[in-house]
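Worksheet for the structure shown next.
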Amino acid sequence: MSQQHQHLYKHELVYLTEDASHDDVIELINAEAFGPGRHTRAAARIREQGAHDRSLSFICADDGETIASVRMTPVLAGGVKGHLLGPLAVRPSHKNMGIGRELVRIAIEAARRKGSEAVILVGDPPYYGPLGFQKVAYNALDFPGPVDPGRVLVVPIGEDVHPRLKGTIGWRE
């Protein structure tokens with residue numbers, strides 16, 4: 001067996017729904033990934049308006065250690081009842097293993113099952129495009145802070161999502 005194959009078998013990755021016991025380690029992972037400036041971003045300001053949906057937020061554990069997470073926050077984006085994806089973060093020790101992509105896939109599928117009309121994020125189109133994300137019309141959504149309109153992306157789930165993604169985006173119950 002090659003060295004690479006031995007390395008792959010050592011990982012016991014498990015994907016779980018987030019619960020309150022994960023809060024501290026998720027904060028650590030996000031601090032490690034995004035640094036202190038993460039709280040000033042427009043998406044973070046939406047998340048400060050209300051709680052994320054734990055039933056649509058997930059962690060990845062490797063041999064019992066939480067090494068990645070994704071959170072989903074309920075939002076009203078113009079006329080669309082959707083979810084804001086993020087933050088998505090993976091510990092440096094586990095990057096480039098497909099864990100972030102799998103967390104995104106799981107979160108989108110969970111949102112679809114829960115009746116969400118769209119999953120929205122501010123992110124890198126080359127990374128998120130292959131995961132089903134499309135660009136939102138330029139400056140269609142007003143965020144509570146500056147965003148690069150070319151990085152506002154959506155996975156439309158409901159009917160006629162793109163035409164209804166116009167106006168303010170903010171937290172919803």
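Tabulated data
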{"item": "Amide proton proximity set for residue 67, modelled H, under 5 Å, gap of 5+", "result": "60, 61, 62"}
{"item": "Gyration tensor verdict on region 21-86 (Cα atoms; rounded if a/c is under 1.5, prolate if a/b is larger than b/c, oblate otherwise)", "result": "oblate"}
{"item": "Phi to ³J(HN,Hα) by Karplus 6.51 cos²θ - 1.76 cosθ + 1.60 over region 72-77, Hz, x for Gly, Pro", "result": "10, 10, x, 9, 10, 10"}
{"item": "Value of [θ]222 nm, deg cm²/dmol, for the chain, DSSP H segments ≥ 4, -39500 (n - 2.57) each, nearest 500", "result": "-8000 deg cm²/dmol"}
{"item": "Rounded to whole Hz, the Karplus (6.51, -1.76, 1.60) HN-Hα couplings of region 23-30, x for glycine and proline", "result": "3, 5, 5, 5, 4, 4, 4, 5"}
{"item": "Lys/Arg +1, Asp/Glu -1 at C-beta; region 1-146 dipole; positive extreme among 94, 111, 129", "result": "129"}
{"item": "Distance (nanometres) between label positions extended 7 Å along Cα→Cβ at residue 148 and residue 96", "result": "2.2"}
{"item": "Simple Cβ-charge dipole of the chain, Lys/Arg +1 and Asp/Glu -1, about Cα centre, in debye nearest 20", "result": "560"}
{"item": "Of 157, 84, 139, farthest towards positive along the dipole that unit charges on Lys, Arg, Asp, Glu beta carbons give the chain", "result": "139"}
{"item": "Theoretical gain in end-to-end length, residue 13 to residue 173 [0.36 nm per residue, Cα-Cα removed]", "result": "54.4 nm"}
{"item": "Interchain or long-range residues, amide H under 5 Å from residue 142's placed H", "result": "167, 168, 169"}
{"item": "Straight-distance crosslink candidates among aspartates and glutamates, where the alpha carbon sits under 20 Å from residue 135 and sequence neighbours closer than 8 are dropped", "result": "109, 117, 124, 148, 159, 160"}
{"item": "Per-residue HN-Hα couplings for region 93-107 [Karplus 6.51, -1.76, 1.60; θ = phi - 60°; Hz; x = Gly/Pro]", "result": "5, 10, 5, 6, 10, x, 5, x, 4, 5, 4, 4, 4, 4, 5"}
{"item": "Accessible surface, region 114-173, averaged per residue in Å² (probe 1.4 Å)", "result": "52"}
{"item": "Rounded accessible area of residue 93 (nearest 10 Å², 1.4 Å probe)", "result": "90"}
{"item": "Centroid-to-centroid separation of region 141-156 and region 18-65 [C-alpha atoms, Å]", "result": "20"}
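The values are calculated or read from the model by the stated rules, or taken from the named source; none is laboratory data. Predicted model, so just to flag it, every value in this text is computed and none were measured. Virtual Cβ from ideal backbone geometry, glycine too; neighbours counted across all protein chains shown. Ligands, DNA and RNA are excluded from the accessible area calculation, which covers all protein heavy atoms including side chains. Shrake-Rupley method; radii C 1.70, N 1.55, O 1.52, S 1.80 Å.
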